[in-house]
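Asks: Dropping a structure here in structure tokens format, bear with me for questions.
A short reminder: the numbers here are calculations on the coordinates, not readings from a lab. Quick caveat, the model's predicted, so the values are computed rather than measured. Neighbour counts are summed over all protein chains in view; Cβ atoms, including those assigned to glycine, are modelled from backbone coordinates with ideal geometry.
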Amino acid sequence: MTSAVHLKTILGATLLVPFAAFAADAAAGKAIGKLLEGGELQCEPSMPVFCANIHVSCAIPSSIKSFPFRLRAVRDRGSITAPASADADVVQPYRDGPRITWAADDTYVILEPREGKGYLKFNADGSYNIRYYLRNDVWMVRGSCE
């Protein structure tokens, strides 16, 4: 039997929502909330290298190694801190005050380098993806933060 939470009765019909849905929303809200309160999240890549197309597994792997990092993001600023071994060309634009955009409903936050292209998007479900442009190539990696 699946655990469910009784939400309310609408026009005589009782709505039941699996408890796991509330747990996932609460965990996601907690991560976003932690950022907004000035905290930081530890982020781990789910892939060993950046890839040309993460939408189809790793269609074309690059020589750019992925890396763990700490993410900070409040309403008007954000940054990442990565180990010295991380590719400096990928990391540096996010250390130097990237532009930051929050979704109106706080379901994601995007950090973009002030110069150049690319972005780091952190989603309310705890996942992230980074898009990095090198010459005419686009490299991507994804992972999760908590």
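Asks: May I ask which residue of Tyr119, Ala88, Thr101 lies farthest towards the positive end of the charge dipole of region 83-125, with charges of +1 (Lys, Arg) and -1 (Asp, Glu) on Cβ and the Cα centre as origin?
Replies: Ala88
Asks: In nm, to one decimal, how far is the Arg99 label point from the Asp76 one, both placed 7 Å along Cα→Cβ?
Replies: 1.8
Asks: Hey, another quick one. Suppose R0 equals 22 Å; then what is the FRET efficiency for Asn136 and Ser57 from their Cβ-Cβ distance, rounded to the nearest 0.05? Walk me through the numbers on the way to the answer.
Replies: On the way: r = 22 Å, r/R0 = 1.02.
With R0 = 22 Å, the Cβ-Cβ based efficiency is 0.45.
Asks: Zone of Lys65 (label point 7 Å along Cα→Cβ, backbone N under 18 Å): which residues in region 80-105?
Replies: In region 80-105, the label zone of Lys65 (backbone N under 18 Å from the point 7 Å along Cα→Cβ) covers 81-92.
Asks: Let me ask something else. Note down the magnitude of the dipole of region 68-129 about its Cα centre, charges +1 on Lys and Arg C-beta and -1 on Asp and Glu C-beta and zero elsewhere, to the nearest 20 debye. Don't skip to the end; give the middle numbers.
Replies: Numbers: 9 positive and 9 negative charges, 32 e Å.
Computed charge dipole of region 68-129: roughly 160 debye.
Asks: Within region 88-143, which trypsin sites (Lys or Arg not before Pro) sit in a loop by DSSP and count at most 15 neighbouring Cβ atoms inside 10 Å? If you can, show how the numbers build up before the last one.
Replies: Values: sites: Arg95, Arg99, Arg114, Lys117, Lys121, Arg131, Arg135, Arg142; in loops: Arg114, Lys117, Arg135.
Counting only loop positions with at most 15 other Cβ atoms within 10 Å, the trypsin sites (Lys or Arg not before Pro) in region 88-143 are Arg114, Lys117, Arg135.
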